[in-house]
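Visitor: The structure follows.
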Amino acid sequence: MSLYLPSILLEIPRSPVTAVGLPLALGVLSGYPTAKVARGSWYKNLHFPPLRPPRQVFPIVWPLLYIGMGYASHLAMKTLESPLLSSNEQSKLELGIALYYAQLAMNFTWTPLFFVSKQIELALVDSVLLAGTTWYMTALFHGPTNGQTTYFLLPYCAWAGFATYLNAGIVYLNRGRTVDSITKDE
């Protein structure tokens, strides 16, 4: 089975610079409005589940995760270009690379859903799909890359699961509250 990916999506991870640069750039674009909203009354008045890290942790963790996922895509692409690859391994890597771009799109979408639109339920759906896609992508990359990509992706998988827990907790603890009522709460 051969999966079609546009050539640009195959070119980006060939270079470690563009492979790492794409998720970093998307993260900056997606996260730009976050700081203002995180200081505003809506976010401050949300009810949060236990274990929520301080907001200062997020701008440290996310760039490291973006670097890891970008470099993992580079390693996967290098492996995909190996002439010694079996057709089964090639299929796994092709699907994994397609899922890599799918999870990037979901990752890019989560912040505007949660922080800009304040659609915490839709953000949770996105987060669940993102976490599942990331775990599956990691599993697909694992065998063909002899586990090399897993070292870079496991922290992201763990963080995606943790972020889903936080998002689910926020949805549960704020059920029945409207955006207006959350913003006005003191």
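The values are calculated or read from the model by the stated rules, or taken from the named source; none is laboratory data. A quick note: this is a predicted structure, and the numbers were derived from the prediction, not measured. Cβ placement follows ideal geometry from the backbone for every residue including glycine, while neighbour counts extend to all protein chains displayed. We work out accessible area using only protein heavy atoms, side chains counted, and drop any ligands, DNA or RNA first. Shrake-Rupley method; radii C 1.70, N 1.55, O 1.52, S 1.80 Å.
Visitor: So which residues in the stretch 102-146 are more than 10 Å from the chain's Cα centre (by Cα), under 24 Å from K78 (Cα atoms) and touching a residue at least 12 places away in the same chain (Cβ under 8 Å), if there are any at all?
Guide: If the condition is that a residue be more than 10 Å from the chain's Cα centre (by Cα), under 24 Å from K78 (Cα atoms) and touching a residue at least 12 places away in the same chain (Cβ under 8 Å), then W135, Y136, M137, T138, L140, F141, G143, P144, T145 are the ones that fit.
Visitor: Let me ask another. Have a look at K118, K92 and point out the one that is on the phi > 0 side of the Ramachandran plot and basic (K, R).
Guide: The unique qualifying residue is K118.
Visitor: Related question: Before we move on, is K118 among the charged types (D, E, K, R) and part of a loop (DSSP other than H, G, I, E, B)?
Guide: So K118 fits the description; yes.
Visitor: Please go through the stretch 5-59 and pick out each residue that is of a type in the set (D, E, K, R) and under 30 Å from G96 (Cβ atoms).
Guide: Correct list: E11, R14.
Visitor: Pairs under 8 Å by beta carbon, first residue farther than 21 Å from L104 by Cα in the stretch 48-63, partner among the aliphatic types (A, V, I, L, M) and at pLDDT below 95, six or more apart or different chains?
Guide: Short answer, once both residue conditions are applied: R55/A38.
Visitor: Sort through Y101, Y136 and tell me the only one that's modelled with pLDDT of 95 or more, within 17 Å of R14 (Cβ to Cβ), of a type in the set (F, W, Y) and open to solvent by 10 Å² or more (accessible area, probe 1.4 Å).
Guide: Y101
Visitor: Given the conditions (1) part of a helix (DSSP H, G or I); (2) closer than 21 Å to T145 by Cβ; (3) over 12 Å from the mean Cα position of the chain (by Cα), and given that L99 satisfies all but one, which numbered condition is not satisfied?
Guide: Among (1) part of a helix (DSSP H, G or I); (2) closer than 21 Å to T145 by Cβ; (3) over 12 Å from the mean Cα position of the chain (by Cα), L99 violates only (3).
Visitor: Then there's this: Quick one: how many residues across the stretch 129-186 are part of a loop (DSSP other than H, G, I, E, B), on the phi < 0 side of the Ramachandran plot and not small (G, A, S)?
Guide: Adding up the residues that qualify gives 8.
Visitor: Starting from residues that are among the small types (G, A, S) and at pLDDT 95 or above, keep the ones in the stretch 157-179 and report whichever is most open to solvent (accessible area, probe 1.4 Å).
Guide: Here the residue is A158.
Visitor: Quick one: which helices (runs of 4 or more DSSP H) sit completely within the stretch 1-60 and have at least 2 residues that are surrounded by 12 or more Cβ atoms within 10 Å (Cβ to Cβ) and under 21 Å from the mean Cα position of the chain (by Cα)?
Guide: Helices (runs of 4 or more DSSP H) meeting the threshold: 7-11, 16-31, 34-38.
Visitor: Evaluate the stretch 64-81: report whether one residue or more is acidic (D, E) and surrounded by 13 or more Cβ atoms within 10 Å (Cβ to Cβ).
Guide: No, every residue in the stretch 64-81 fails to be acidic (D, E) and surrounded by 13 or more Cβ atoms within 10 Å (Cβ to Cβ).
Visitor: For V61, all conditions in the list (1) at pLDDT below 95; (2) within 25 Å of Y32 (Cα to Cα) hold save one; what is the number of the exception?
Guide: Every condition holds for V61 apart from (1).
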